[in-house]
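Accompanying notes for the structure given below.
The values are calculated or read from the model by the stated rules, or taken from the named source; none is laboratory data. On a predicted model such as this, the values are computed, not experimentally measured, just so you know. Every residue, glycine among them, receives a Cβ derived from its backbone with ideal geometry; neighbour counts consider all protein chains shown. These area figures cover heavy atoms from the full protein model, side chains too; ligands, DNA and RNA do not enter into them. Shrake-Rupley method; radii C 1.70, N 1.55, O 1.52, S 1.80 Å.
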Amino acid sequence: MPSQLLAPLKRFLDQQFRLAVMNVRYQADQLGPVPVQDPAHPGKPRSNIVPHWPPPTWGDVIGSVQSFIIHGTSGWPSYQSANNFGDLFRSLNYLDWSSGLQRWIDKRGIGPQYFVDPNGTAFNLIGAEDLLGDPRLTWHAEEMNSMSIGIENGDVGDSGASPGPAGTGPYWWQLSAATEDLTGMKAYVLFHPGGGAQDAVVVWFARFPAFTGAGDITGTGTQTALSTEFGGWRNTLFTERNYRTLAMLCRHVAEEVKVPKNFPLFPYLTRAHDVRDPSLFRKLIMADQLSTQIAVKLGTTFAAIQANDAAYSTWYHQGDYTVTDANGRPENRNTLWTRFFGANPNHRPADTPCFKGFLTHAINGGHPCPGPLFDWHRFAREVWDWWWYPFDIAFVSLASVTVSTTMRPYRQARRTTPLIEYYYDATGLPADYNRLRDPAPPLEIARERFLLPANAPVYAMANGVVVAARLPNSTAPVSNGFVLIRHEVFAETIAGSTRIDYSKQPAIVWSLITFLSTVGCRVDQIVPLNPDWLNRFVMRLKESELASAFWTTNRATAAINNGFSHPPSSAGPRLSTGMEIEQDATGYRAIADDLAAGKAVLFPLEVMVTPTPVRIVLGDYLGAAGLLPTSANSAPGQTGIEIEIFSKVPLNIPGAANVPSASANDDWWKAASAAVRHESTASRDLPADGMTWRYPMTAMLNWLNGITWTSEWEKYDVKLADKVTPAPAPTRPAPRIIL
């Protein structure tokens with residue numbers, strides 16, 4: 001059991017509906033009384049009143065999970081959606097009026113295995129306690145039901161629900177009278193229209209054309225364009241709490257059911273449109289770890305697909321369909337596309353070998369959820385365990401190495417932005433990165449100094465939590481910006497296996513990157529020059545201050561006061577929505593003021609309930625290479641960064657050295673390592689004496705990524721029934737092939 005992945009999730013886990021669903025089984029409907037007829041929706045039939053599972057196959061054990069389908073709920077973003085799914089799973093309240101069909105439709109059993117609401121609560125709707133045991137089949141993704149786990153995420157989506165122009169209730173309230181609360185975004189507080197004590201949910205809407213965030217945005221990037229392409233999408237953005245809990249949930253369940261942390265090369269593809277383009281299918285299959293085996297299953301070879309000639313086009317279009325395309329050729333492309341993802345009418349539960357990993361519903365289904373504004377690139381990075389290079393090499397020659405000054409595209413991902421891996425897919429090799437090291441900087445035993453061009457972007461090497469940071473003073477002769485991040489490193493394996501053992505405590509590792517420059521960054525607005533963590537911080541600060549003021553003004557209104565006073569229904573400990581907002585508003589404002597003043601700032605502890613800890617996502621932009629102190633190899637004006645990767649307990653990494661941190665005597669280090677800064681265990685506390693085990697950057701990445709990818713590869717299951725003889729399992733992934 002991956003207990004160490006479950007532990008941080010359990011605070012946000014609600015299992016009340018699971019028990020109600022699992023306590024009922026198959027029996028016949030017992031119809032209730034004839035309902036009162038609504039003239040606007042005539043002919044409402046009698047509904048079932050006795051709870052039971054929808055027959056005939058609903059609730060069966062899924063024999064082999066191949067994928068996770070990520071959904072966006074077409075309804076009100078509230079914990080109430082979990083209750084609604086529970087009723088559908090017990091055949092209660094299952095009738096819904098279809099305006100298109102002009103009749104009542106039966107929605108029994110429709111719903112996911114898990115639901116995540118905007119306040120970050122994960123609801124376990126069916127199956128064993130604590131997300132263990134065999135997953136159960138529900139109806140959430142058509143032909144993918146029998147092989148996939150569905151996770152719904154609460155948003156407005158394409159439900160048709162949106163605030164009026166003024167946003168003044170009764171369910172929607174704008175948090176300010178401004179057209180935008182941050183550039184390209186507007187914040188509202190939303191209350192579910194159902195009765196009872198409903199939660200208050202703060203939601204952001206994208207405002208085009210100023211919105212520049214990630215998403216499946218095409219054409220002119222307007223609300224009209226999105227509504228036309230995606231069926232009336234309402235432009236809601238998923239909350240930070242939703243993303244965080246979703247990532248924790250997926251990391252845990254993927255280990256439990258042995259699904260690799262794999263994503264399509266182009267996560268925004270849709271079968272409805274993109275199946276027409278053979279070049280997209282070619283890239284999709286060539287980038288997959290099981291491409292060779294899947295190609296054989298589909299009646300061809302990897303080499304034939306790679307050739308990209310007339311024979312490939314003929315193969316993609318030939319087949320068993322009588323429908324013809326615009327050129328009069330029979331269509332087989334839909335069959336190839338769906339079989340790539342494991343769906344085939346003649347196979348149950350799955351047509352293997354097939355894609356294994358995380359999917360949007362749209363990529364092999366008819367519904368475009370989780371929608372065009374779900375950030376797949378950010379979600380993937382928060383799910384992954386591996387470490388990335390902190391800067392990119394653009395070109396390598398015998399004489400020199402050229403460092404990229406271009407920002408990675410996933411910050412503003414679009415439909416055509418490939419989801420690649422910035423370690424194995426990197427242009428440079430470890431030796432090329434080491435060629436950029438200053439061979440003789442001061443305190444070289446504690447830090448590695450890399451000589452980089454001005455404006456070279458610097459990124460977070462792994463997921464973690466911000467411990468301390470300073471935004472640089474642009475007038476200083478040396479860039480004094482830094483960020484200290486604490487990471488969890490899982491590296492111990494299960495006995496007799498290459499799989500990582502997630503039931504064991506992770507090693508705690510810190511990364512400290514100094515001499516960062518972020519000239520032009522702001523603590524009052526989202527701007528491209530901000531570090532990514534700062535933009536998320538600013539967003540939470542803004543919504544917290546606006547929502548706190550709104551609650552203070554409207555405490556006399558019972559519905560509003562009850563919504564803010566509602567405690568999220570997970571295991572906790574958690575405060576009410578309003579108390580979380582108030583404490584974040586106060587705590588984040590103090591941090592923002594100190595950051596703006598150029599001070600070194602300590603961030604909230606992870607063990608605390610509030611203020612909310614500030615998380616770093618793998619690959620987050622941290623700033624640019626700044627001005628370095630002079631040394632034997634860096635004259636005045638030389639730019640670069642220093643990197644210090646260290647732990648308190650030694651790890652088996654080549655080049656490890658037991659040395660004091662170069663920052664151990666700084667005032668901020670002493671404050672960050674003080675006894676009052678105790679985390680959940682002593683292993684997570686920064687060493688007060690400054691003594692650390694320091695690791696070379698390239699050695700750390702090579703060591704951990706080798707362990708992680710060997711563990712991941714075992715979950716791809718290359719021993720398949722269709723008699724394909726695979727090549728020996730690699731210890732690293734094949735590079736993403738984008739041709």
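Below is a table of values for the structure above.
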quantity	calculated
Rounded percent of accessible protein surface that carbon and sulfur make up, segment 596-698, 1.4 Å probe	57 percent
The chain - charge dipole about Cα centre, Lys and Arg +1 at Cβ, Asp and Glu -1, debye rounded to 20	340 debye
Dipole axis of the chain (+1 Lys, Arg; -1 Asp, Glu on Cβ), positive-most option in A141, L336, G371	L336
Globularity ratio of segment 392-510, using Cα Rg and 2.2 N^0.38 Å	1.32
Cα lying deepest toward the dipole's positive end in the chain, options G154, I494, A559, charges on Cβ	I494
Sequence-distant residues sharing a close amide H with S404 (under 5 Å, placed H)	D392, I393, A394
Chain lengthening between A128 and A272 when straightened (0.36 nm per residue, less Cα-Cα)	48.3 nm
Solvent-free Debye scattering, log10 I(q)/I(0), computed from the Cα coordinates of the chain at q = 0.09, 0.12 Å⁻¹	-0.86, -1.53
Accessible-area composition of segment 143-297, carbon plus sulfur, in percent [1.4 Å probe]	53 percent
Cβ-defined net charge surrounding P35, 13 Å radius [Lys, Arg +1; Asp, Glu -1]	+1
Computed log₁₀ I(q)/I(0) - Debye formula, equal Cα scatterers, no solvent, segment 446-588, q 0.11, 0.15 Å⁻¹	-0.67, -0.96
Solvent-accessible area per residue, Å², over the chain with all protein chains present [probe radius 1.4 Å]	38 Å²
Beta bridges per DSSP with both ends in segment 42-172, % antiparallel, nearest 5	45 percent
Under-5 Å amide H pairs with M185, H placed in peptide plane, nonlocal only	R207
Over the chain, relative contact order from alpha-carbon pairs under 8 Å, at least 6 apart, %	14 percent
In Hz, Karplus ³J(HN,Hα) per residue of segment 631-646 (6.51, -1.76, 1.60; θ = phi - 60°; x = Gly, Pro)	8, 4, 10, 10, 6, x, x, 5, 10, x, 9, 10, 10, 10, 10, 8
In range of the label at E180: residues from segment 522-546 whose backbone nitrogen is under 13 Å from the point 7 Å along Cα→Cβ	525-528
Probe 1.4 Å, all protein chains present, accessible-area order of S74, S91, S47, largest first	S74, S47, S91
Candidate lysines for bridging to K283, where Cα separation is under 28 Å - those fewer than 8 sequence places away on the same chain excluded	K258, K261, K297, K356, K715, K719, K723
12 Å beta-carbon shell around A247, net charge (K/R +1, D/E -1)	+3
Using θ = phi - 60° and Karplus 6.51 cos²θ - 1.76 cosθ + 1.60, couplings along segment 427-437 (whole Hz; Gly, Pro as x)	5, x, 9, x, 4, 5, 5, 5, 5, 8, 6
Cβ-based net charge around R574, under 10 Å, with every Lys or Arg adding one and every Asp or Glu removing one	0
Cα-Cα pairs of segment 154-204 separated by more than 12 Å (percent)	65 percent
Segment 1-73: C-alpha gyration tensor shape, a/c 1.5 cut-off, then a/b vs b/c	prolate
Calculated FRET value between T610 and N562, using beta carbons and R₀ = 22 Å, to 0.05	0.60
Magnitude of the charge dipole, segment 340-463, Cβ model with Lys/Arg +1 and Asp/Glu -1, debye to 20	300 debye
Long-range HN-HN contacts of T493 with modeled amide H, under 5 Å	D501
Accessible area of segment 430-503 belonging to carbon and sulfur atoms, whole % at 1.4 Å probe	54 percent
Extension gain, N23 back to S683 (0.36 nm per residue minus Cα-Cα distance, nm)	233.4 nm
Cβ-placed point charges (K, R +1; D, E -1), dipole of segment 429-566 about Cα centre in debye, nearest 20	180 debye
Given charges at Cβ of Lys, Arg, Asp, Glu: the chain dipole, positive-most of L132, N48, V401	N48
